[in-house]
Amino acid sequence: MMTQTGEAHRLPVLKERHLPGECRQSVTELLKETYGYDGFRNLEIYDDLFKNRDTLCISQGQLVENVIREAEKAYKSGEQPDNILLTAPTGAGKSLLFQLPAIYLGKEYNLLTIVVSPLKALIVDQVEGLQDVGYERVAYASSDLSPEQKMEVYRAVREGEIDLFYLSPELLLSYDIRHFIGNRRIGMVVVDEAHTVTTWGKEFRVDYWFLGRYLDALKQNLGYSFPLFALTATAVWNPKGGNDMVFDTIRSLQMEPCILYVGTVRRKNIGFDIRRLTLEEGETYDKGKQRVISGRVEEFLDGHKALLYYPFAGGIDMRIKTWVAPADWRLVASYYGKKDKAQKAAIVRDFKEGTKRMIVATKAFGMGVDISDIDRVYHVAPSSTFVDYIQEIGRAARDADVQGIAATDYHERDFYYMKRLHQTGNIGQDQLELILKKLMEVYRMKGKKEEILVSLSDFEFVVKLPRTKNKLEYEAELGQLIKTALLWLEDDLEQRYGTRLLEVSPQNLLTEGYIQDKTGDAFAREFQAYLTGVDGEEGVYRARLDTLWEERFPELGYREFKQKLNSGMLWEGSRAVSVGKHEVLLKEDATVIRQRMDALFKSLVSMLKTALLKSKGRFDEEELRAVFAEHGMDVPSAKRFIGSLLESRTEEGRSVSYISSVKKKDSNELSFTVTKGFDLLLSRYQKLFAQRIAGNRGDRLQFYCTPFSDLNMLLNLLSMLDCLSFSVEGGGTPCVHVRFDNPELLQQLADSDEYHNLILDTNERIFEEQIELFSFFFGTDTLTDSQRWDFVEEYFTGTTVEELKKKYGGSRPV
């Protein structure tokens, strides 16, 4: 196994704080004029955590003045400004700390402030909040807006009508900055909810990881600097530990030189009601959970406003019917990511106004949404991380006069949810190794160029995500997973060797791609200005998708445009669809490849028929492994191969799946069940091979097909058999730009079969630590509220789990 030879990350250098004595009078007047406030609130921050946990009290006004002075330093004198990172608990008024400087900088100097924020609901809430108090020089852009609406926002930004402009990281990174702001000068960039930079797992917002290098390059391209102001409610300060978030954020956002303000995490008006779930005689875990939660719901609906967090969106609406009495359904709403914008807005409005008294939600609800009178937050199960848990309970009692309670009924089996979420979004060591191999295969396919564009669909069968009916959701999840994996590769190798071996950068939402129309030339005639015919391919065109969308379909949002293009419904009278150009290199003569595929299929059919005869179609991963070993295919490839056969195929208008799988209890291995008719699926690939695959070793073939086609599936299956290599271009699938700084060493690593990613090891260690942390925190019954907040505070300021257990272990476990 390879070991890390590079040095560990050094700590970023912090600048000494020199807080202004007070805020300038004109800003205090602007506070009154805009928000109606007579003065600033105070914040409690740690003085120097490298020495002790002593705190000091500072005014919001001092921080606001600090931010303004750094922006003025860059604007007036061209000096390098200091960046600022602030952590402060929910309800501390963090949004005012960047909104007020932005308003002032716009008013005084016509400077534009860009706010990068992770959630559309959070963006809309803050923009509408400012508009509600009469401030109109604020706007946002998101994928929900049509190109027409976005163009109007961009016009207002460029022409100086907007001074505070909100964007998601994905949108910001998708275009040249002048696309949004023209020649406006940037006064400051704000990164809100900055803990997202270092959060890992399925919910990881990978584009935040790109943000630091994007902003660094932006300053160089623009020829001037501006301060970066990052804020979050929850970030662990632990410079010596693997779970550090504060310094990882500074490092990732490239914020040096940086002034750091770490606020206390303690919330004096939130208590804890943590009880042990004791199952009654003969009662199952699920029935016990249902019983106690129903009791909690009845209590919460009697005069309280409550948030109830459930881990999965899929089960929420069904669970509500078992937890809530029918007479009270009108008082309860569910909230999760896939609800549409109008539904979400109505739910938040009703909850604010008190029409709804309880929201049953995933973690999608609450970040930055200002509802001050929530007094109960209940967790059905532990959050993804302890940091998430503290942020979620912090949504109670934002009003200092409200007494909040963080409640749960704990059982050891609650970690099932946490483990399931972790496994769902987890990237394995074998997948990272395969991604590296595939990356180098694409590098060779594209002529060993130093810089290439790589389609994320190239890696589709490496990670083998379950396909969803919604292609855009599948594409987004695939993009999230692959970009995260590529960045883990980049970061790990840089730490290992002390220099970057490859550099990964995101590309536009829409780039040039290919469109195929088998129904005639109506589409090509109508949109000829955006299309170029592909030689030798009837009905296939290279298309400028970005300008086609913005100029001819400005009324459609990005998602709607992509959905219509993917489904062939973009233009009435045609079935023009987005396709990818598949370039294929044969590693053997086509006759040899066919023999290998037929031999594998023959062995597979024999095994599956035996399973049908002897065990009602059931077979294990071990049996599968034996079959594929005979044909020189490794275990990861074998599992991906059989996984492809799990895909539902549409036959005569109905969905058919010949093979299903379930995970064995207490094991990572799968158990499969096959049904009659599976041989029809295999014969389909054999017929397709005869029609499309021909040539000799070293020949290159070219095909145009959709990512969901049988031909794309066949090419992936043959690549797993190591019979051919292929890369994809276009198809509307997002791309990443990859620069190879040391391709020879990367190729050695890919060929060695010994690559082992240490970042993944760290993530697994942190995950196990989170379970240990929750087990102790929930499983100890004698801690007072004050002691629990002491425990939280010490964890957030660098105390290890082992040290916490020793210090607080005198309490009797429940």
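With the requirement that a residue be out of contact with any Lys or Arg (no Cβ under 8 Å at 6 or more places or on another chain), acidic (Asp, Glu) and closer than 26 Å to Val801 by Cβ, what does the stretch 200-259 give you? Listed by number, the residues that qualify are Asp244, Asp248. Thr196: of a type in the set (Ser, Thr, Tyr) and farther than 23 Å from Ala476 by Cβ, yes or no? Against the criterion (of a type in the set (Ser, Thr, Tyr) and farther than 23 Å from Ala476 by Cβ), Thr196 does not qualify. For the stretch 362-392, what are the residues that are at pLDDT 90 or above and within 16 Å of Ala306 (Cβ to Cβ)? Asp373, Ile374, Asp375, Arg376, Val377, Tyr378, His379, Val380, Glu392 - these are the residues of the stretch 362-392 that are at pLDDT 90 or above and within 16 Å of Ala306 (Cβ to Cβ).
Being closer than 23 Å to Asp535 by Cβ, crowded, with 21+ Cβ neighbours inside 10 Å and not assigned by TED's automatic domain parsing to the domain that holds Glu538: is that true of Leu701 here? If you could, list the steps in order and put the result at the bottom.
Numbers: closer than 23 Å to Asp535 by Cβ: yes; crowded, with 21+ Cβ neighbours inside 10 Å: no; not assigned by TED's automatic domain parsing to the domain that holds Glu538: yes.
In short, no.
Taking the stretch 531-589 as the search range and keeping residues that are more than 16 Å from Val728 (Cβ to Cβ) and among the polar types (S, T, N, Q), which one is nearest to the chain's Cα centre (by Cα)? It would help to see each step written out before you state the result.
First, the residues of the stretch 531-589 that are more than 16 Å from Val728 (Cβ to Cβ): 531-533, 535-536, 538-539, 541, 544, 546-565, 567-576, 586-589.
Then keep just the ones that are among the polar types (S, T, N, Q); that gives 532, 547, 563, 567, 574.
On the way: Thr532: 35, Thr547: 27, Gln563: 21, Ser567: 26, Ser574: 35 Å.
By that ranking, first place goes to Gln563.
For the stretch 382-410, the candidate set comprises residues that are in a loop (DSSP other than H, G, I, E, B) and touching a helix residue (DSSP H, G or I) at 6+ places or on another chain (Cβ under 7 Å); within that set, the residue that is farthest from Thr322 (Cα to Cα) is Thr385. When the criteria are applied in full, Gly187 fails the requirement of being part of a loop (DSSP other than H, G, I, E, B) and in the same structural domain as Met151 (by TED's automatic domain parsing). Inspection of the stretch 483-495 finds no residue satisfying the criterion of being at pLDDT 85 or above, within 17 Å of Lys562 (Cβ to Cβ), over 20 Å from the mean Cα position of the chain (by Cα) and buried (at least 20 other Cβ atoms within 10 Å of the Cβ).
Would you check if Leu211 is in a strand (DSSP E or B) and either among the aliphatic types (A, V, I, L, M) or within 17 Å of Thr196 (Cα to Cα) (or both)?
no
Table: residues versus (1) at pLDDT 75 or above; (2) farther than 23 Å from Leu612 by Cα; (3) part of a helix (DSSP H, G or I).
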position	(1), (2), (3)
Leu646	no, no, no
Val662	yes, no, no
Lys665	no, no, no
Ser671	yes, no, no
Lys676	yes, no, no
Ser683	yes, no, yes
Ala690	yes, yes, yes
Asn696	yes, yes, no
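Checking the stated criteria, Leu253 turns out not to satisfy the condition of being of a type in the set (A, V, I, L, M) and in the same structural domain as Gly394 (by TED's automatic domain parsing). Taking the criterion of being free of Cβ contacts under 8 Å to residues at least 60 places away in the same chain and touching a Gly at 6+ places or on another chain (Cβ under 6 Å), the only residue of the stretch 570-603 that qualifies is Arg575. Scanning the stretch 410-460 for residues that are under 19 Å from Leu749 (Cα atoms), among the aliphatic types (A, V, I, L, M) and either touching a strand residue (DSSP E or B) at 6+ places or on another chain (Cβ under 6 Å) or modelled with pLDDT under 80 (or both) yields Ile427, Val442, Met445. Gly498 meets each of the listed conditions (1) farther than 30 Å from Ile759 by Cα; (2) exposed (fewer than 15 other Cβ atoms within 10 Å of the Cβ) apart from (1). Condition (residue is surrounded by 19 or more Cβ atoms within 10 Å (Cβ to Cβ) and either in contact with a Gly (Cβ under 7 Å, 6 or more places away or on another chain) or closer than 20 Å to Ala543 by Cα (or both)) applied to the stretch 714-727: is it met by at least one residue? Yes; the residues of the stretch 714-727 include at least one that is surrounded by 19 or more Cβ atoms within 10 Å (Cβ to Cβ) and either in contact with a Gly (Cβ under 7 Å, 6 or more places away or on another chain) or closer than 20 Å to Ala543 by Cα (or both). Just checking, which of Asp634, Asp546 is under 30 Å from Thr673 (Cβ atoms), of a type in the set (Asp, Glu) and modelled with pLDDT under 90? It is Asp634.
Note on the stretch 561-588: residues that are among the aromatic types (Phe, Trp, Tyr) and at pLDDT 90 or above amount to 1.
Among the residues making up the stretch 53-82, those that are in contact with a helix residue (DSSP H, G or I) (Cβ under 8 Å, 6 or more places away or on another chain) and closer than 30 Å to Tyr795 by Cα are Arg53, Gln60, Gly61, Leu63, Val64, Val67, Asp82.
Pairing residues of the stretch 607-620 that are small (Gly, Ala, Ser) with residues that are in a helix (DSSP H, G or I), at Cβ distances under 7 Å and at least 6 apart in sequence or on separate chains, gives Gly617/Ala611.
Apart from one condition, Tyr474 fits all of (1) under 26 Å from Tyr541 (Cα atoms); (2) at pLDDT 85 or above; (3) surrounded by fewer than 19 Cβ atoms within 10 Å (Cβ to Cβ); (4) not acidic (Asp, Glu); the exception is (2). For the stretch 163-190, the set of residues classified as modelled with pLDDT of 95 or more and either under 21 Å from the mean Cα position of the chain (by Cα) or surrounded by 23 or more Cβ atoms within 10 Å (Cβ to Cβ) (or both) consists of Asp163, Leu164, Phe165, Tyr166, Ile186, Gly187, Met188, Val189, Val190, listed by residue number. Pairing residues of the stretch 675-687 that are touching a residue at least 40 places away in the same chain (Cβ under 8 Å) with residues that are surrounded by 14 or more Cβ atoms within 10 Å (Cβ to Cβ) and part of a helix (DSSP H, G or I), at Cβ distances under 6 Å and at least 6 apart in sequence or on separate chains, gives Phe678/Leu608; Asp679/Val605; Leu682/Phe601; Tyr685/Leu714.
Residue check, Ala524 against (1) assigned to a strand (DSSP E or B); (2) farther than 30 Å from Gly677 by Cα, all met but one. Which one? Checking Ala524 against (1) assigned to a strand (DSSP E or B); (2) farther than 30 Å from Gly677 by Cα, the one that fails is (1). Residues in the stretch 219-238 that are more than 23 Å from the chain's Cα centre (by Cα) and either at pLDDT below 90 or under 16 Å from Gly187 (Cα atoms) (or both): Lys219, Gln220, Asn221, Leu222, Gly223, Tyr224, Ser225, Phe226, Pro227.
For a quick check of your reading: which helices (runs of 4 or more DSSP H) sit entirely within the stretch 713-814 and have at least 3 residues that are within 25 Å of the chain's Cα centre (by Cα) and closer than 21 Å to His411 by Cα? First the steps, then the outcome.
Details: elements: 743-752, 758-779, 785-796, 801-808.
Passing ranges, in order: 758-779.
Looking at the stretch 544-559 only, could you name the residues that are more than 14 Å from Trp571 (Cβ to Cβ), in a helix (DSSP H, G or I) and touching a residue at least 60 places away in the same chain (Cβ under 8 Å)? The answer is Glu550, Tyr558, Arg559.
Within the stretch 339-348, the set of residues being under 15 Å from Ile374 (Cβ atoms) and free of Cβ contacts under 8 Å to residues at least 60 places away in the same chain comprises just one member, Ile347. The set of residues in the stretch 488-543 that are touching a residue at least 40 places away in the same chain (Cβ under 8 Å), among the β-branched types (Val, Ile, Thr) and more than 30 Å from Gln429 (Cβ to Cβ) comprises Thr511, Ile515, Thr519, Val534, Val540.
The values are calculated or read from the model by the stated rules, or taken from the named source; none is laboratory data. Because the structure is a prediction, the values reported are computed rather than measured. Positions of Cβ are backbone-derived with ideal geometry, glycine not excepted, and every protein chain shown enters the neighbour counts.
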